[in-house]
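Enquirer: Just passing along the structure, written as structure tokens.
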Amino acid sequence: MGMTVTDMLRESRALLDGHFRYTSGRHGAVYFEKIRIAARPDLVMELGAMTADLWKGSDFDLVCAPAFGAIVFGFAAAHGMELPFAFLQRDSAGVMSVRPGFLPLVRGARILLVEDVVTTGGSVMETVDALAGEGGLVKAVSLLVDRTGGRFDPGVPCRALLTVNAESWAPDECPLCREGVPLSIPGSSGKNSASGRDSV
């Protein structure tokens with residue numbers, strides 16, 4: 001029997017337990033260090049194959065993912081589904097945009113959007129809007145980890161390889177602070193927490 005998603009995250013030390021301050025400023029007991037699993041191509045390709053299995057029988061033309069963390073997972077999923085792949089990234093103004101070379105693939109395509117970790121869903125919805133603005137139709141969203149406990153609803157079918165209910169607290173309400181558990185401040189992805197996106 002193969003490893004579960006949780007096994008893969010723990011083996012790569014991408015899933016950490018402790019006391020963390022997230023980019024948003026909130027505190028929590030679980031942290032997903034996505035870069036650690038991205039450093040393991042064997043596990044990334046396995047997760048891509050698992051994502052392909054989640055959507056077996058679905059009718060997509062293209063797999064897309066936002067830069068940077070989700071690119072490797074989207075690419076692996078596209079490989080598993082034998083579909084083309086395109087990614088989006090922020091332009092000089094910080095707006096999520098389709099790379100010009102990918103525009104012919106996006107226009108008119110039925111798209112599976114792959115994201116790594118969802119906390120609020122802000123970046124997913126921004127990516128959906130960017131693809132729609134270029135004539136692409138996001139038919140479904142696939143997540144590596146859904147931290148909302150299944151509450152995230154992008155308005156299209158949404159499936160996750162791992163769903164967790166990872167609670168977070170304002171610093172002055174944090175029970176881990178009250179218990180004196182040492183606080184870790186993991187590296188930031190550079191996302192703007194004011195926009196509703198954060199690293200966890």
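The values are calculated or read from the model by the stated rules, or taken from the named source; none is laboratory data. All values derive from a computational prediction rather than experimental measurement. Reconstructed Cβ throughout: ideal geometry from the backbone, glycine too, with neighbour counts over all protein chains shown.
Enquirer: Can you go through 60, 73, 68, 20 and tell me which one is within 15 Å of the chain's Cα centre (by Cα) and buried (at least 17 other Cβ atoms within 10 Å of the Cβ)?
Expert: Details: 60 fails: within 15 Å of the chain's Cα centre (by Cα); 68 fails: buried (at least 17 other Cβ atoms within 10 Å of the Cβ); 20 fails: within 15 Å of the chain's Cα centre (by Cα).
Unique residue meeting the criteria: 73.
Enquirer: Oh, and also: Just for segment 170-196: of the residues that are within 20 Å of residue 34 (Cα to Cα) and of a type in the set (A, V, I, L, M), which one is modelled with the highest pLDDT?
Expert: Of the residues in segment 170-196, the ones within 20 Å of residue 34 (Cα to Cα) are 183-193, 196.
Next, only the ones that are of a type in the set (A, V, I, L, M) stay: 183, 185.
Working: 183: 94, 185: 88.
Across segment 170-196, the extreme among qualifying residues is 183.
Each row is one residue, and each column tells you yes or no for (1) out of contact with any helix residue (DSSP H, G or I) (no Cβ under 9 Å at 6 or more places or on another chain); (2) free of Cβ contacts under 8 Å to residues at least 40 places away in the same chain.
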residue: 64; (1), (2): no, no
residue: 80; (1), (2): no, yes
residue: 83; (1), (2): no, yes
residue: 91; (1), (2): yes, yes
residue: 95; (1), (2): no, yes
residue: 100; (1), (2): yes, yes
residue: 105; (1), (2): yes, no
residue: 110; (1), (2): yes, no
residue: 114; (1), (2): no, no
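Rundown of residues vs (1) surrounded by fewer than 18 Cβ atoms within 10 Å (Cβ to Cβ); (2) closer than 18 Å to residue 96 by Cβ; (3) at pLDDT 95 or above; (4) in contact with a helix residue (DSSP H, G or I) (Cβ under 8 Å, 6 or more places away or on another chain), yes/no style:
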position	(1), (2), (3), (4)
131	no, yes, yes, yes
142	no, yes, yes, yes
157	yes, no, yes, no
160	no, no, yes, no
168	no, no, no, no
